[in-house]
């Protein structure tokens, strides 16, 4: 699978800055946590240009800060380790929701020691989060 013919550093559909986490769905679409650009990119199978599906560059008002990992659940919802905002986000094309590390204003700076780095589901649909410093 080729996601991008040549990816250079920066911001744009064919540029990334510190891509960390990846996930491939059942359609062979590749999702990338473009960490320093504060967004999640989707490379549809056979395409070499990424589509921003969460974070900087789209109008859903979901602000990410240093996302490090992502995974899709059985319903196609995207779960994002939003490390810089100390939270885990659930997102799809219609909404986003903070599920771990939340406060009333959807940003949680109250627990800076919680820095989610990786997210995974087990076979029963339970979400597990790896925290970088705890």
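The values are calculated or read from the model by the stated rules, or taken from the named source; none is laboratory data. As the structure is a computational prediction, the values presented were derived from the model and not from experiment. For neighbour counting, all protein chains shown are included, and Cβ atoms are generated from backbone atoms with ideal geometry for every residue, glycine included.
For this structure, a couple of remarks:
- The stretch 64-89: number of residues that are without any contact (Cβ under 8 Å) to a residue 40 or more places away in the chain, assigned to a loop (DSSP other than H, G, I, E, B) and in contact with a strand residue (DSSP E or B) (Cβ under 9 Å, 6 or more places away or on another chain): 5
- Failed item in (1) within 19 Å of residue 128 (Cα to Cα); (2) at pLDDT below 95, with residue 22 passing the rest: (2)
- Any hit, the stretch 53-66, residues being under 10 Å from the mean Cα position of the chain (by Cα) and farther than 20 Å from residue 102 by Cα: yes
- Residues that are at pLDDT 75 or above, touching a helix residue (DSSP H, G or I) at 6+ places or on another chain (Cβ under 7 Å) and assigned to a loop (DSSP other than H, G, I, E, B), drawn from the stretch 90-120: 115
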